[in-house]
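A short reminder: the numbers here are calculations on the coordinates, not readings from a lab. Predicted model only: the values in this text are computed from it and were never measured. Cβ: placed from backbone, ideal geometry, glycine included. Neighbour counts: every protein chain shown.
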Amino acid sequence: MSDTSVKQDYRSLRRQTGLNQQQFWSQVFVTQSGGSRYENERRVPAPVAELVRLRHELDIDTSKITPANADLVRSLLSGEINADALLAAAQRCKLLMAALGSAAADLGNLSCQVDQILCGAASSGDAVVT
């Protein structure tokens, strides 16, 4: 059977993140006392080491992986969904949303101007030509 534990300098990693033991280890579902033992040369089980890598090295909050989005995560990891193409499409959507937001604001301002013109023409008795 292969070794299922990993050795790494977790104390240094934790200090780099600026977190205390409670903050650091609770994010990977380990108690402060358990984390302290890992920082003092106790071997860390491979699943815990992987959670530390995901959360503290790659900044992936695994608690946000839910049954609702697990299929999407699996598809991205398997390569079934092209992550680069998805990110590019998301960026394009953001740009379009920003442009639409500006256009919507411009349209709202124009609508107010039209209302003012129409209200002014109606109160002065002028006919509005369409």
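Things to note:
- Here's the picture: charge each Lys and Arg Cβ at +1 and each Asp and Glu Cβ at -1 in the chain, and of N69, Q16, L107 the one pushed furthest to the positive end of that dipole is Q16.
- As a proxy for reagent exposure, ranking V44, V73 by other Cβ atoms within 10 Å from fewest up yields V73, V44.
- Once the Cα atoms are used to define both axes, helix 83-124 deviates from the longest principal axis of the chain by about 30 degrees.
- Inter-label distance, nm, simple model (7 Å from Cα along the C-beta direction), A103/S12: 5.3 nm
- Compactness of the chain as Cα Rg over 2.2 N^0.38 Å, two decimals: 2.01
- Selected from Q91, Q23, Q116 as most flexible by GNM, with the chain as the system and alpha-carbon contacts under 10 Å: Q116
- Efficiency of FRET from Cβ geometry, Q32 and D59, R₀ 30 Å, rounded to 0.05: 0.90
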